[in-house]
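A short write-up of the structure that comes next.
The values are calculated or read from the model by the stated rules, or taken from the named source; none is laboratory data. None of the values given here were measured: they were computed from a predicted structure. Here the Cβ is made from the backbone with ideal geometry for all residues, glycine too, and neighbour counts use every protein chain on show.
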């Protein structure tokens with residue numbers, strides 16, 4: 001069991017395994033109680049902890065900004081209202097500087113992306129054994145609480161951005177203009193197949209790079225926290241506190257990068273070439 005004298009390998013494997021529900025060829029629809037069983041479920045496997053925590057933290061983010069908006073007044077802001085206004089103003093300036101189209105949806109989208117990813121990243125700063133231990137005592141074997149350490153979550157968000165890129169490209173330029181961008185540049189109509197290959201690779205690389213960048217940074221940071229937890233107690237404090245302080249910068253930077261690239265990609269979708 002996860003908290004009953006595990007080896008180092010068992011401890012690491014446990015903390016990197018999601019609570020999975022899906023269709024197993026032998027057991028039918030059930031929860032997976034091991035990484036191998038989850039892998040055998042294939043495409044029908046659903047990471048319940050990733051979806052649950054992402055949804056819950058999305059509600060927390062919405063509630064924080066809702067409360068901040070309700071407290072808005074004409075005077076000098078303070079407390080939560082000050083934080084909310086600073087974030088909104090910061091993102092509004094970023095959109096004004098980087099987005100050159102005329103869509104009112106981009107700023108709210110950028111705010112949602114930054115706030116949601118930031119709060120999902122932030123729960124990584126909780127003690128590595130805290131939530132898994134609580135859920136273990138409640139009878140839940142696996143529990144990963146950082147959604148952005150799951151490639152399914154980061155890829156899902158990046159695919160959402162990708163669909164918006166396609167939508168705005170077709171809306172602004174028309175189907176013919178969008179197809180023309182994929183086939184007529186950079187070498188003109190005489191190298192149309194080669195143009196299509198180059199532009200398709202560039203287009204598909206956008207969501208892939210978004211997903212892998214966020215996932216890679218969060219997953220590696222989580223793994224280091226787990227490795228630190230395997231060390232003697234006195235070394236854990238010496239190493240975990242500086243790493244956690246440094247990670248405050250990392251989790252903020254990764255949310256900012258995902259947001260800025262989304263703004264830039266959508267700005268490119270609005271531009272006529």
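Annotations
- Tally, over the stretch 110-132, of residues that are touching a helix residue (DSSP H, G or I) at 6+ places or on another chain (Cβ under 9 Å), surrounded by fewer than 19 Cβ atoms within 10 Å (Cβ to Cβ) and either over 29 Å from residue 237 (Cα atoms) or without any contact (Cβ under 8 Å) to a residue 40 or more places away in the chain (or both): 3
- Filter pass, residue 105 being surrounded by fewer than 16 Cβ atoms within 10 Å (Cβ to Cβ) and either modelled with pLDDT under 95 or within 25 Å of residue 223 (Cα to Cα) (or both): yes
- Scanning the stretch 42-91 for residues that are without any contact (Cβ under 8 Å) to a residue 24 or more places away in the chain and in contact with a helix residue (DSSP H, G or I) (Cβ under 6 Å, 6 or more places away or on another chain), we see that the one that is surrounded by the fewest Cβ atoms within 10 Å (Cβ to Cβ) is 80.
- Breaking point among (1) over 21 Å from residue 114 (Cα atoms); (2) at pLDDT 85 or above; (3) surrounded by fewer than 16 Cβ atoms within 10 Å (Cβ to Cβ); (4) touching a helix residue (DSSP H, G or I) at 6+ places or on another chain (Cβ under 7 Å), for residue 19: (3)
- Members of the stretch 224-243 that are within 19 Å of residue 12 (Cβ to Cβ) and in a helix (DSSP H, G or I): 224, 225, 226, 227, 228, 229, 233, 235, 236, 239, 240, 243
- Total residues in the stretch 180-206, condition free of Cβ contacts under 8 Å to residues at least 12 places away in the same chain and surrounded by 14 or more Cβ atoms within 10 Å (Cβ to Cβ): 3
- Condition met for residue 250 (touching a helix residue (DSSP H, G or I) at 6+ places or on another chain (Cβ under 9 Å), farther than 30 Å from residue 271 by Cα and in a helix (DSSP H, G or I)): yes
- Selection status of residue 1, surrounded by fewer than 14 Cβ atoms within 10 Å (Cβ to Cβ) and at pLDDT below 85: yes
- The sole residue among 224, 172 that is surrounded by fewer than 18 Cβ atoms within 10 Å (Cβ to Cβ), within 26 Å of residue 114 (Cα to Cα) and either over 27 Å from the mean Cα position of the chain (by Cα) or at pLDDT below 90 (or both) is 172.
- Counting residues in the stretch 42-55 that are assigned to a loop (DSSP other than H, G, I, E, B), under 30 Å from residue 229 (Cβ atoms) and touching a strand residue (DSSP E or B) at 6+ places or on another chain (Cβ under 7 Å) gives one or more.
- All positions within the stretch 24-41 that are part of a loop (DSSP other than H, G, I, E, B) and either loosely packed, with under 11 Cβ neighbours inside 10 Å or modelled with pLDDT of 80 or more (or both): 25, 26
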